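Enquirer: Before we start, here is the structure in question, set down as structure tokens.
The values are calculated or read from the model by the stated rules, or taken from the named source; none is laboratory data. Given the structure is predicted, the values throughout are model-derived calculations rather than measurements. All Cβ positions, glycine included, derive from the backbone under ideal geometry; neighbour counts span all protein chains shown. Ligands, DNA and RNA are excluded from the accessible area calculation, which covers all protein heavy atoms including side chains. Shrake-Rupley method; radii C 1.70, N 1.55, O 1.52, S 1.80 Å.
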Amino acid sequence: MVRIPDAKVALSTASVYPESTATAFEIAARLGYDGVEVMVWTDPVSQDIEALRRLSDYHQVPILAVHAPCLLITQRVWSTDPWVKLQRARAAAEKLGASTVVVHPPFRWQRGYARDFVRGIWRMAEETDVRFAVENMYPWRYRDREMLAYAPDWDVTKDDYRHFTVDLSHTSTARTDALAMVDRMGDRLAHIHLADGNGSAKDEHLVPGRGKQPCAEVLERLATRGFDGHVVIEVNTRRAMSAAEREADLAEALAFTRLHLASPTGVPRP
């Protein structure tokens, strides 16, 4: 007997970059993903709630999560005020039927935002049914130097949040133990960004199974726990030589995830 948890497998719209948000919906529908996570970034469609609703309805692909615009390249998307960005991400999630907003910890130079971040996330979480799932990051490295770019910390398990996102490409870049981080997150782990990595200082986001992260082990462990959050494929396909190669990578990632999100019943695992 095999037990399959209720977790849905979604495609991050970032996984088709440099193709568009609309392309991500097309691919998700064609390959049979359970939904999408919308990365809000410089593509105008990703910022437009009505355009996203039309894409979701047309392709019959639900929007399961909204990734708030937290990247350096999105500093001016949805305001320059980081709290306004989160308020707009929450409103988008509520209007689109998404259950989760993914948010990064602040950059260290965002001092006021960083100082109130933990308390502020709790306040926002108490005002909605949408989960604010704070994502683990990593130290920035250049040669032998390390810069702590995030505050309060890149390791979000050191602070008290209601919900977490674990990103396995980020655990690779941070050179930290992904399974141990999953265990520290415990029942507050609500969301997974599934990707692989080889421990490079660059955030690689490889297709699961092509690096050294315990992607299979994480999925199998969560399957035994009956994980019912979302598993989001967030991989880098920029080097794909064609649309067909990109789609093949995303099909492989989906197959890998579904294979390892199955657990033999009655077999205890650590």
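Enquirer: Condition first: at negative phi, aromatic (F, W, Y), assigned to a loop (DSSP other than H, G, I, E, B) and touching a Phe, Trp or Tyr at 6+ places or on another chain (Cβ under 6 Å). Can you find one or more residues in the range 161-173 that meet it?
Expert: Looking through the range 161-173, none of the residues is at negative phi, aromatic (F, W, Y), assigned to a loop (DSSP other than H, G, I, E, B) and touching a Phe, Trp or Tyr at 6+ places or on another chain (Cβ under 6 Å).
Enquirer: Something else now. Being surrounded by fewer than 18 Cβ atoms within 10 Å (Cβ to Cβ), in contact with an Asp or Glu (Cβ under 8 Å, 6 or more places away or on another chain) and among the hydrophobic types (A, V, I, L, M, F, W, C): is that true of L179 here?
Expert: yes
Enquirer: Condition check: closer than 24 Å to E126 by Cβ and hydroxyl-bearing (S, T, Y). Does S56 satisfy that?
Expert: Criteria not met by S56.
Enquirer: A further question follows. Scan D116, D159, D153 and give me the residue that is at pLDDT 95 or above, farther than 29 Å from I233 by Cβ and among the acidic types (D, E).
Expert: Just one listed residue meets the conditions, D116.
Enquirer: Would you confirm whether any residue within the range 126-145 is within 16 Å of A14 (Cβ to Cβ), free of Cβ contacts under 8 Å to residues at least 60 places away in the same chain, assigned to a loop (DSSP other than H, G, I, E, B) and touching a strand residue (DSSP E or B) at 6+ places or on another chain (Cβ under 8 Å)?
Expert: yes
Enquirer: Can you tell me which residues in the range 190-202 are open to solvent by 10 Å² or more (accessible area, probe 1.4 Å) and either free of Cβ contacts under 8 Å to residues at least 60 places away in the same chain or in a strand (DSSP E or B) (or both)?
Expert: The answer is N198, G199, S200, K202.
Enquirer: Of all the residues that make up the range 125-151, how many are under 15 Å from D167 (Cβ atoms), in contact with a Ser or Thr (Cβ under 7 Å, 6 or more places away or on another chain) and open to solvent by 10 Å² or more (accessible area, probe 1.4 Å)?
Expert: Counting residues in the range 125-151 that are under 15 Å from D167 (Cβ atoms), in contact with a Ser or Thr (Cβ under 7 Å, 6 or more places away or on another chain) and open to solvent by 10 Å² or more (accessible area, probe 1.4 Å) gives 1.
Enquirer: Output yes when any residue across the range 41-52 is in contact (Cβ under 8 Å) with a residue 12 or more places away in the chain, more than 28 Å from A7 (Cβ to Cβ) and open to solvent by less than 50 Å² (accessible area, probe 1.4 Å), and no when none is.
Expert: No, the range 41-52 contains no residue that is in contact (Cβ under 8 Å) with a residue 12 or more places away in the chain, more than 28 Å from A7 (Cβ to Cβ) and open to solvent by less than 50 Å² (accessible area, probe 1.4 Å).
Enquirer: Collect the residues in the range 203-213 that are over 13 Å from R175 (Cβ atoms) and either without any contact (Cβ under 8 Å) to a residue 40 or more places away in the chain or crowded, with 21+ Cβ neighbours inside 10 Å (or both), keeping them in residue-number order.
Expert: H205, L206, V207, P208, R210 - these are the residues of the range 203-213 that are over 13 Å from R175 (Cβ atoms) and either without any contact (Cβ under 8 Å) to a residue 40 or more places away in the chain or crowded, with 21+ Cβ neighbours inside 10 Å (or both).
Enquirer: Considering only residues that are over 23 Å from V38 (Cβ atoms) and of a type in the set (G, A, S), look in the range 89-124 and name the one that is surrounded by the most Cβ atoms within 10 Å (Cβ to Cβ).
Expert: Residue satisfying both the conditions and the ranking: A114.
Enquirer: Here is a follow-up. Taking R258 as the residue in question, decide whether it is of a type in the set (K, R) and under 27 Å from Y142 (Cβ atoms).
Expert: No, not satisfied.
Enquirer: Please indicate, with yes or no, whether at least one residue in the range 23-32 is small (G, A, S), touching a Gly at 6+ places or on another chain (Cβ under 8 Å) and free of Cβ contacts under 8 Å to residues at least 60 places away in the same chain.
Expert: Yes, the range 23-32 has at least one match.
Enquirer: Name the single residue, out of those in the range 152-161 being touching a helix residue (DSSP H, G or I) at 6+ places or on another chain (Cβ under 7 Å) and open to solvent by 10 Å² or more (accessible area, probe 1.4 Å), that is nearest to L71 (Cα to Cα).
Expert: The extreme case among them is W154.
Enquirer: For the range 21-38, indicate whether the set of residues that are touching a Phe, Trp or Tyr at 6+ places or on another chain (Cβ under 7 Å) and surrounded by fewer than 20 Cβ atoms within 10 Å (Cβ to Cβ) is non-empty.
Expert: no
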